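Just so it is clear, none of the values below were taken in a lab; they were calculated from the coordinates. Fair warning: this is a prediction, and the values are worked out from it, not measured in the lab. FYI the Cβ positions are ideal-geometry reconstructions off the backbone, even for glycines, and counts take in every protein chain you see.
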Amino acid sequence: MDFLGAGTLKTAKPHAKLAEQMDWVEAFSPSIGKGVGKLKMLGAIGVMLPALAEQAIEAGFQAYFPKPLDATSFVRELEVIVDG
C-alpha cells in the first residue's frame, strides 16, 4: 500500500511542492517525477492484483456452489424439476 500512496503523491502533487519534501526531485524534470509516481502505482497494482483476482474467483465459485453437493438431495430436487 505504501507504493500506491507514494506513487499517487508523486503523480498528483506539483513539482515545486514535491521538491520541498524530497531532495532528489530537484535534479529531475517534472515528467520524470510523474513517471516515477506512475511506475510506483503500477507496481503496487501488480502486487495487489493476483490476490484480488483470487478472491474474485473464489467469490464467484461460492456463488455457484454455496454448499457441498449431496447426491440424494440433488436427485430429489432434479425429480421435482423434471416432474414439474
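Numbers below:
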quantity: Kyte-Doolittle mean at least 0.0, axial Cα span of 24 Å or more - DSSP H helices of the chain; calculated: 30-64
quantity: Selection from LEU18, ALA56, ILE45, by position along the positive dipole direction of the chain (Cβ); calculated: LEU18
quantity: Contact order normalised by residue count of the stretch 2-83, Cα under 8 Å, 6+ apart, percent; calculated: 34 percent
quantity: Pairwise FRET efficiency - ALA6 versus GLU54, Cβ, R0 = 25 Å, nearest 0.05; calculated: 0.50
